[in-house]
Every structure is written in structure tokens, then in C-alpha cells.
1. Can you tell me which residue is surrounded by the fewest Cβ atoms within 10 Å (Cβ to Cβ) among those in segment 54-79 that are closer than 21 Å to Asp28 by Cα and in contact with a Leu (Cβ under 7 Å, 6 or more places away or on another chain)?
2. Just the residues that are within 22 Å of Leu81 (Cβ to Cβ) and hydroxyl-bearing (Ser, Thr, Tyr), please, taken from segment 7-65.
3. Sort out which residues of segment 1-18 are outside any helix (DSSP H, G or I) and exposed (fewer than 14 other Cβ atoms within 10 Å of the Cβ), and write them in order of number.
4. What number of residues in segment 66-91 are polar (S, T, N, Q), modelled with pLDDT of 95 or more and not in a strand (DSSP E or B)?
5. I'd like the full set of residues that are surrounded by 14 or more Cβ atoms within 10 Å (Cβ to Cβ) and in a strand (DSSP E or B), limited to segment 35-53.
6. Could you grab me the full set of residues in segment 83-112 that are at positive phi and either surrounded by 11 or more Cβ atoms within 10 Å (Cβ to Cβ) or touching a Phe, Trp or Tyr at 6+ places or on another chain (Cβ under 8 Å) (or both)?
Amino acid sequence: MLLVSQADCPYCHLVKEEVIRPMILGGDFRDEILIREMFMDEGERIVDFQGKTVDAADFAHGYGVFVTPTLLFLGPDGRELSKQMTGVNTIEMYYYYVAQSIRTALNRLSGKPS
């Protein structure tokens, strides 16, 4: 699961503090997924799934991400395994939708029906 965020994004901070941090501290999905954050601010660079160093914003735009926060559910080869989550509607329900997306992604990765 990749959180695409920006340094000055208050909703990104909200998602991290209210959903992702408790998920990590609680051990939810600990042995099943990696959780990472990528900043798509100007000047940020990452190594993509092909091992190339690219602008983080270009990487995000390749997945159609133009708004932060966006959660991507990616397999080890970079393909999307579940529909991305863009923005925050109701923080109280956000964990439920994240967990549902993770389960869908894990099922697709293992070849099980979603």
C-alpha cells in the first residue's frame, strides 16, 4: 500500500495519524503488506518498479494520481491490485474502506476471486 502525499497536505497528515499509524501500531496486516509513503512534491525522486530513478510526481501521474492523499494498492510488479482511494470523505469510515481494499488486493495477488 502506497500513500501518495505532499509535505503540506493536511488531509495526508489526517490519514496518517487516524488510519495508517494505528494500523501499523495495531499490527494490522503486518505479515501481509508493506506500507510506504511517497511525497510527490517538486524535486522528490524515487526508484520505480523497473529500477529507474524518476520524478515522484511523474511516477504518481503514471497511475493517474493528481490529488493527495491517494492510496495505491500495488503488487510487487507495480500493477494496481485494488481501486485507488483518492481524498478523504469520512475519516470515521476510512479504515473500513482501506481494509476492504487491502483484502481485495491480497485476494487478487493470490489469485482468489475478489
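The values are calculated or read from the model by the stated rules, or taken from the named source; none is laboratory data. Nothing here was measured: the structure is a model prediction, and the numbers come from that model. Note that we place each Cβ from the backbone using ideal geometry, even for glycine, and neighbour counts take in every protein chain shown.
1. Top of the filtered list is Gly75.
2. Hit for segment 7-65 is Tyr63, nothing else.
3. Across segment 1-18, the qualifying residues are Ala7, Asp8.
4. Within segment 66-91, residues that are polar (S, T, N, Q), modelled with pLDDT of 95 or more and not in a strand (DSSP E or B) number 1.
5. Within segment 35-53, Glu37, Met38, Phe39, Ile46 meet the criteria.
6. Result: Gly87, single match.
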